[in-house]
């Protein structure tokens, strides 16, 4: 089973993610701190109370560091509690996920992505990764996965910031941290090639061409399971108007034809 978290407004992208998961035979459940029934109607899937996974007090503590910190930890807590395979809601599925115990993949040449993540709840990788994150070590200037130039730079900036009474932005524990702990546990060898989960690169100009006819199709290989759309970057380039051209428009027409009707409101 796939699981995710959502808060705030719903766009065609989240609805398409859910519809694409259903189309490949996956059950998907989304957690929220908002009204589950309202969100369920918008997304088209089962929605549960996120407090059953992560308390509201813990959530508020993490949100002070930023939404990504909460999201990164929520998925780990959910996996540890047996919720299933995590998916971001900007992932469009084209075929079923592998049945392996571990499902994660390289998002580029040096980082393992956490947008689609399956780990055994009792695995050394999850235990070590989650134990570190539960310590809330975000007050540190540096993290063990940072390269030495970054560590030195943050130390210098951190000391300077402390001298004037401000704090550096807290380091995130997403893909860079996952990559670090995967290597530490010798599980990085299990990471799937980028073409499987991340055929659309976040770096470079590719995201600009996503709505062009034939472009996404040219990135999808026989082994591709899904296309991660990099929601924030996508929004900055294209916004969230309903796609009218290209592969995404075709997916909307095939899986969510009602969205083309003028009366539909997200």
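General remarks:
- Test result for residue 109, closer than 25 Å to residue 232 by Cα, surrounded by fewer than 16 Cβ atoms within 10 Å (Cβ to Cβ) and out of contact with any helix residue (DSSP H, G or I) (no Cβ under 6 Å at 6 or more places or on another chain): yes
- Residue within segment 255-264 that is in contact with a helix residue (DSSP H, G or I) (Cβ under 9 Å, 6 or more places away or on another chain) and either modelled with pLDDT of 95 or more or farther than 28 Å from residue 41 by Cβ (or both) present: yes
- Hits in segment 239-250 - residues which are under 19 Å from residue 219 (Cα atoms) and either assigned to a helix (DSSP H, G or I) or in contact with a helix residue (DSSP H, G or I) (Cβ under 9 Å, 6 or more places away or on another chain) (or both): 243, 246, 247, 248, 249, 250
- In segment 7-26, the residues that are at pLDDT 95 or above, touching a strand residue (DSSP E or B) at 6+ places or on another chain (Cβ under 7 Å) and more than 25 Å from residue 244 (Cα to Cα): 26
- Qualifying positions in segment 26-53 - out of contact with any helix residue (DSSP H, G or I) (no Cβ under 8 Å at 6 or more places or on another chain) and surrounded by 15 or more Cβ atoms within 10 Å (Cβ to Cβ): 26, 29, 36, 39, 40
- Condition check for residue 57: without any contact (Cβ under 8 Å) to a residue 40 or more places away in the chain, in contact with a strand residue (DSSP E or B) (Cβ under 6 Å, 6 or more places away or on another chain) and not in a strand (DSSP E or B): no
- Exactly one residue among 26, 101 is closer than 23 Å to residue 195 by Cα, free of Cβ contacts under 8 Å to residues at least 24 places away in the same chain and within 20 Å of the chain's Cα centre (by Cα), and that residue is 101.
- Selection of segment 185-203 for residues being out of contact with any helix residue (DSSP H, G or I) (no Cβ under 7 Å at 6 or more places or on another chain), over 18 Å from residue 217 (Cα atoms) and part of a helix (DSSP H, G or I) yields 189, 190.
- Note on segment 30-42: residues that are in a helix (DSSP H, G or I) and without any contact (Cβ under 8 Å) to a residue 40 or more places away in the chain total 6.
- Taking each residue of segment 204-230 that is part of a helix (DSSP H, G or I) and looking for partners that are exposed (fewer than 12 other Cβ atoms within 10 Å of the Cβ) with beta-carbon atoms closer than 9 Å, six or more apart or interchain, yields 207/236.
- Evaluated against (1) surrounded by 21 or more Cβ atoms within 10 Å (Cβ to Cβ); (2) over 16 Å from the mean Cα position of the chain (by Cα); (3) modelled with pLDDT under 95, residue 69 falls short on exactly one condition, (2).
- Positions within segment 138-153 being more than 24 Å from residue 77 (Cβ to Cβ) and either out of contact with any helix residue (DSSP H, G or I) (no Cβ under 8 Å at 6 or more places or on another chain) or modelled with pLDDT of 80 or more (or both), in sequence order: 147, 148, 149, 150, 151, 152, 153
- Among all residues of segment 154-175, there is none that is modelled with pLDDT under 90, farther than 23 Å from residue 67 by Cβ, part of a loop (DSSP other than H, G, I, E, B) and in contact with a helix residue (DSSP H, G or I) (Cβ under 8 Å, 6 or more places away or on another chain).
- Every pair of residues 6+ apart whose Cβ atoms lie under 6 Å, when the first sits in segment 177-198 and is under 19 Å from residue 98 (Cβ atoms) while the second is modelled with pLDDT of 95 or more and surrounded by fewer than 16 Cβ atoms within 10 Å (Cβ to Cβ): 195/221; 195/223; 196/223
The values are calculated or read from the model by the stated rules, or taken from the named source; none is laboratory data. It should be emphasised that the depicted structure is a prediction, and the values quoted were computed from it without experimental measurement. Methodologically, a virtual Cβ is constructed for each residue, glycine included, from the backbone with ideal geometry; neighbour enumeration extends over all protein chains shown.
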